[in-house]
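See below for the structure under consideration.
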Amino acid sequence: MKKSIILSSALAISIMFSSVASAATYDQYTAKDNDMLWKVSNTYGVSLSSLMEINPKIDPYNIYKGLIINIPNKQNQNWELNADAMIAKGMTQLGVPYVFGGDRPYEAFDCSGFTQYMFRAIGIELPHSSAMQSDLGKFVPANQLRKGDLIFLSDTYQAGVSHVALYIGDNKVLQAGTMGTREVKISTLFGTPYYDSHYWGARRLID
């Protein structure tokens, strides 16, 4: 079950994002029994999106022994690796109910408890508060957002910063949200009237 979840996450990431593949030659890896793309990505220190970019014929549901996987040259991809790690971890919680104060995987999350959970995947401990998280990192203009950035809403259920989500690219956020279904989900950011009217800004914690 866990393998199918991780592979589904890899497929979702490859569909939603694209990255510039490194030029020139590639190393090659021969897959073993029970290998996963995420495991290969983590072992070689390259992002999942880069791995999928240079292996377009690979089916993430069919990683079998003997499969040859091209490995891109690493070019300052630490931030992207961290972003992919957080997204992959967060996607395992899709459908988990929203509960105010929640911070327990597979049981319940609120918005800041969920971002706190995802950042733990890369060894960063965040406060369990959207307002306090909005003081961290550096400000990012809306037209410069990249996956792994935190986006914030204000004046939702209380004055000031009151909601946080993880930007995952392609104008999408991964969040424990209350608008519509109260659960962990992927939502469209700009162009959604509620988010447009309450958008506060974004902060970048990983470089």
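Please give the net charge around GLY90, taking every other residue with its beta carbon less than 13 angstrom from that of GLY90, where Lys and Arg add +1 and Asp and Glu add -1.
Net of charged neighbours comes to +3.
Using r as the Cβ-Cβ distance of ASP33 and ALA159, and R0 as 45 Å, what FRET efficiency do you calculate, to the nearest 0.05?
The formula returns an efficiency of 0.20 here.
Put ILE54, ILE124 in order of accessible area, largest first, 1.4 Å probe: what do you get?
ILE124, ILE54
State, as an integer percentage, the relative contact order of the chain based on alpha-carbon contacts under 8 Å between residues 6 or more apart.
Worked out over the chain, it gives 18 percent.
May I ask you to list the aspartates and glutamates whose Cα is less than 20 Å away from that of LYS65, ignoring any residue fewer than eight positions away on the same chain?
ASP27, ASP33, ASP35
For segment 92-157, divide the Cα radius of gyration by the Kirkwood radius and give the resulting Rg/Rh value with two decimals. It would help to have the intermediate numbers written out before the result.
Working: Rg = 12.4 Å, Rh = 12.9 Å.
My calculation of the ratio gives 0.96.
log10 I(q)/I(0), Debye, Cα-only segment 58-123, no solvent, q = 0.12, 0.17, 0.29 Å⁻¹?
For segment 58-123 at q = 0.12, 0.17, 0.29 Å⁻¹, log10 I(q)/I(0) is -0.47, -0.74, -1.18.
What figure in square angstrom, to the nearest 10, would you give for the accessible area of THR188 with a 1.4 Å probe?
The accessible area comes out at roughly 50 Å².
Rounded to the nearest 10 Å², what accessible area does VAL99 have for a 1.4 Å probe in the complete protein model?
70 Å²
If you add up the charges near LEU126, with Lys and Arg at +1 and Asp and Glu at -1, over every other residue whose beta carbon is less than 14 angstrom from its beta carbon, what do you get?
Value of the local net charge: -1.
As a quick test, which of the pairs LYS89/LYS138; LYS57/LYS89; LYS89/LYS172; LYS39/LYS147; LYS32/LYS89 have an alpha carbon distance above 18 angstrom in this structure?
Flagged as over cut-off: LYS89/LYS138; LYS57/LYS89; LYS39/LYS147; LYS32/LYS89.
Take the Cα gyration tensor of segment 134-202, multiply each eigenvalue by 5, square-root it, and list the three semi-axes largest first, rounded to whole angstrom.
17, 15, 11
Could you work out the helix-only [θ] at 222 nm for the chain, with each DSSP H run of four or more residues adding -39,500 (n - 2.57) and the total divided by the number of residues, to the nearest 500 deg cm²/dmol?
Working: 7 runs with 62 residues, N = 207.
That comes out to -8500 deg cm²/dmol.
Working with all protein chains in place, sort GLU183, GLU80, GLU125 by solvent-accessible area computed with a 1.4 Å probe, largest first.
GLU125, GLU183, GLU80
What accessible area, in Å² to the nearest ten, does a 1.4 Å probe give for SER197?
90 Å²
Set Lys and Arg Cβ to +1 and Asp and Glu Cβ to -1, take the dipole of segment 50-207 about its Cα centre, and tell me which of VAL184, GLY101, SER197 lies farthest positive.
With unit charges placed on the Cβ atoms, the residue in question is VAL184.
Over the C-alpha atoms of the chain, what are the Rg and the largest Cα-to-Cα span, Dmax, in Å?
Just the Cα atoms of the chain yield Rg and Dmax of 17.4, 57 Å.
The values are calculated or read from the model by the stated rules, or taken from the named source; none is laboratory data. Not measured: the values here are computed from a predicted model. Every residue, glycine as well, gets a Cβ built from its backbone with ideal geometry; the counts of neighbours run over all protein chains shown. Remember, those area values only see protein heavy atoms, side chains included, never the ligands or the DNA or RNA. Shrake-Rupley method; radii C 1.70, N 1.55, O 1.52, S 1.80 Å.
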